[in-house]
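Contents: one structure, followed by commentary.
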Amino acid sequence: MSTKTPWWIRVPVLFFLIFGLMEYFIDSGDKPAIIEYPITQFFLLLVLMILIAIELILGSIENIMFQTLTEEGKERYLEAKNKKFEWTWAKNLMKKLTRTKSIEREQEIILDHNYDGIRELDNVLPPWWVYLFYATIVFGVVYLIRFHVIGEYDQALEYEQEVAAAQAAIQEYKKTAKDLVDASTVEYLSDPADLSAGEKIFQTNCVVCHTADGGGGIGPNLTDQYWILGGGIKNVFNTISEGGRDGKGMIAWKQSFKPAEIAQVASYVISLGGTTPANPKAPEGDIWVDPNAPAEPAGTESETPATEQVSDSTDVAMD
């Protein structure tokens, strides 16, 4: 029962193979399964103990079977077990790629040149070098035809294509990476979870100046259509992030909140538009009109749906 691979190689290889399969099949999010689910640590410890136990059992069986052999059989077994493993195919491949002559056969390729006792061998170029040289010739011909004869595209066009693809990938990534949002890319968050998170931030940090229902106190009324620094989600986001007017008004919150949190509270502020506070403060600023809103035909009345009134006609006036 001889094996070519020693136990101290078999056990780690099998252990890490099982560990890799476990990490692959267990969905643990961003964290490794061994950290996310502590029970997997016990499982791996059990696997290691089983592998060691199997090796001990195999060693015992081998020892028992060895004792049942005759003396001649024991000698043959030990000789076969102690025989060194050789990569015959690898040696043959190396000989074909190098065509080296053994020291015993160097007399066949030795030249008459003699330099202070140093003799010269007439070795051929290694086949691997020759094959590689032929490959570079083929590559050069294909490159010449593709880029200089056909003119499919050049390096400048390839660079422009790769830059465009990278920019598209960045924009796609920003859609899901909320903390990379800024005043130019922020969008109104209508998801109830985001609005709830924004409300929590507002009730903790903003009610002192704007009151709990957004009616305004020290700060302006957040439920009417009047603005001091411009309306819309982008302007509100920028006002919260950078602060109000110089020397007065709201402080900048960008050092206290992440961009995703600022987007949430800005969306919640916009959602307050059109509500009726208990003691609304008098309007401040000017009515803001979204420059990106579609123009209405002359002589027609606006029939803005209720869902749009929340995000457009009820923008806040924050300073």
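Between a residue in segment 81-108 that is over 16 Å from L125 (Cα atoms) and touching a residue at least 60 places away in the same chain (Cβ under 8 Å) and any residue that is among the aliphatic types (A, V, I, L, M) and assigned to a loop (DSSP other than H, G, I, E, B), which pairs come within a Cβ distance under 6 Å, given they are 6 or more apart or on different chains?
Taking only residues 6 or more apart or on different chains, not a single pair turns up.
Identify all residues within segment 211-245 that are surrounded by fewer than 16 Cβ atoms within 10 Å (Cβ to Cβ) and not in a helix (DSSP H, G or I); write none if there are none.
Once the filter is applied, which keeps residues that are surrounded by fewer than 16 Cβ atoms within 10 Å (Cβ to Cβ) and not in a helix (DSSP H, G or I), segment 211-245 yields A212, G217, I218, R245.
With (1) touching a residue at least 24 places away in the same chain (Cβ under 8 Å); (2) over 30 Å from M250 (Cα atoms); (3) assigned to a loop (DSSP other than H, G, I, E, B) as the list, and W128 as the residue in question, which single condition is left unmet?
Condition (3) is where W128 drops out.
Is one or more of the residues making up segment 197-210 free of Cβ contacts under 8 Å to residues at least 60 places away in the same chain, surrounded by fewer than 20 Cβ atoms within 10 Å (Cβ to Cβ) and not in a helix (DSSP H, G or I)?
No, because not a single residue in segment 197-210 is free of Cβ contacts under 8 Å to residues at least 60 places away in the same chain, surrounded by fewer than 20 Cβ atoms within 10 Å (Cβ to Cβ) and not in a helix (DSSP H, G or I).
Do you know which residues across segment 112-121 are surrounded by fewer than 10 Cβ atoms within 10 Å (Cβ to Cβ) and either touching a Leu at 6+ places or on another chain (Cβ under 7 Å) or in a loop (DSSP other than H, G, I, E, B) (or both)?
D116, G117
Considering segment 139-175 alone, what residues qualify as being over 30 Å from L189 (Cβ atoms) and hydroxyl-bearing (S, T, Y)?
Result: Y143, Y153, Y159.
Is one or more of the residues making up segment 132-149 touching a residue at least 24 places away in the same chain (Cβ under 8 Å), more than 18 Å from E261 (Cβ to Cβ) and either assigned to a helix (DSSP H, G or I) or not assigned by TED's automatic domain parsing to the domain that holds V269 (or both)?
No: segment 132-149 contains no residue that is touching a residue at least 24 places away in the same chain (Cβ under 8 Å), more than 18 Å from E261 (Cβ to Cβ) and either assigned to a helix (DSSP H, G or I) or not assigned by TED's automatic domain parsing to the domain that holds V269 (or both).
Surrounded by 10 or more Cβ atoms within 10 Å (Cβ to Cβ) and modelled with pLDDT of 80 or more: does that describe Y143?
So Y143 passes the test.
Would you call L45 surrounded by 13 or more Cβ atoms within 10 Å (Cβ to Cβ) and farther than 30 Å from P127 by Cα?
No; evaluated as a whole, the condition is false for this residue.
I'm trying to understand the selection: among the residues of segment 265-319, which are β-branched (V, I, T) and either modelled with pLDDT of 80 or more or surrounded by fewer than 15 Cβ atoms within 10 Å (Cβ to Cβ) (or both)?
V265, V269, I270, T275, T276, I287, V289, T300, T304, T307
Here are some conditions: (1) among the hydrophobic types (A, V, I, L, M, F, W, C); (2) assigned to a loop (DSSP other than H, G, I, E, B); (3) modelled with pLDDT of 85 or more. A183 meets all but one. Which one does it not meet?
It is condition (3) that A183 fails.
Take segment 58-104 and flag every residue that is loosely packed, with under 12 Cβ neighbours inside 10 Å, assigned to a loop (DSSP other than H, G, I, E, B) and among the β-branched types (V, I, T).
T68, T70
The values are calculated or read from the model by the stated rules, or taken from the named source; none is laboratory data. Since the structure is predicted, the reported quantities are computational estimates derived from the model, not experimental observations. Positions of Cβ are generated from backbone atoms using ideal geometry, with glycine treated the same way; all protein chains shown enter the neighbour counts.
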